[in-house]
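Reviewing the structure listed below.
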Amino acid sequence: MDDSITYAIRQLVREEVVRAQERAPEPPNAPSVLVVSTEVLPGGRLLPIREAAHLLGMSRDWVYDQIKAGELATVNLGTTKTKRRIEATELARFVRTFRQ
């Protein structure tokens, strides 16, 4: 994966985690998150589910649950789950939906 795309997605996710933590009280012994500025994601990059899950810090099953619920759009390049991809811009849009 292109390093600049990976960096930008991780930054976006970190920012959203911090915003979510600000809205809710932090549970005891919760890990802290370092926040740095967000970069704009270039469009057109197709990410396998595994990479999208890694960038979000979530499991593949969780990502598939979001897809099934209609929260995260995919591009199907074939008839199997292994041919399903998520556009980088869609992943960024998904993360932004958690902002208030």
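Any residue that is exposed (fewer than 13 other Cβ atoms within 10 Å of the Cβ), touching a helix residue (DSSP H, G or I) at 6+ places or on another chain (Cβ under 9 Å) and of a type in the set (Gly, Ala, Ser) - is there at least one of those in the stretch 48-55?
At the first step, the residues of the stretch 48-55 found to be exposed (fewer than 13 other Cβ atoms within 10 Å of the Cβ) are 50.
Keeping just the survivors that are touching a helix residue (DSSP H, G or I) at 6+ places or on another chain (Cβ under 9 Å) gives 50.
This time we only want the ones that are of a type in the set (Gly, Ala, Ser), so: none.
Within the stretch 48-55, not a single residue is exposed (fewer than 13 other Cβ atoms within 10 Å of the Cβ), touching a helix residue (DSSP H, G or I) at 6+ places or on another chain (Cβ under 9 Å) and of a type in the set (Gly, Ala, Ser).
Take the residues of the stretch 60-73 that are within 13 Å of the chain's Cα centre (by Cα) and not in a helix (DSSP H, G or I): which is surrounded by the fewest Cβ atoms within 10 Å (Cβ to Cβ)? Before the answer, list the steps.
Narrowing the stretch 60-73 to residues within 13 Å of the chain's Cα centre (by Cα): 60, 62-64, 66-67, 71-73.
Filter once more, keeping what is not in a helix (DSSP H, G or I): 71-73.
Numbers: GLU71: 11, LEU72: 20, ALA73: 13.
Filtering the stretch 60-73 for residues that are within 13 Å of the chain's Cα centre (by Cα) and not in a helix (DSSP H, G or I), the one surrounded by the fewest Cβ atoms within 10 Å (Cβ to Cβ) comes out as GLU71.
Starting from residues that are in a loop (DSSP other than H, G, I, E, B) and modelled with pLDDT under 90, keep the ones in the stretch 42-59 and report whichever is nearest to SER4 (Cα to Cα).
Residues of the stretch 42-59 in a loop (DSSP other than H, G, I, E, B): 42-45, 57-59.
Right, trim to modelled with pLDDT under 90 and you get 42-45, 57.
Numbers: PRO42: 9, GLY43: 12, GLY44: 14, ARG45: 11, GLY57: 17 Å.
The selected residue is PRO42.
The values are calculated or read from the model by the stated rules, or taken from the named source; none is laboratory data. Everything numeric in this text was worked out from a predicted model, so none of it was measured. Methodologically, a virtual Cβ is constructed for each residue, glycine included, from the backbone with ideal geometry; neighbour enumeration extends over all protein chains shown.
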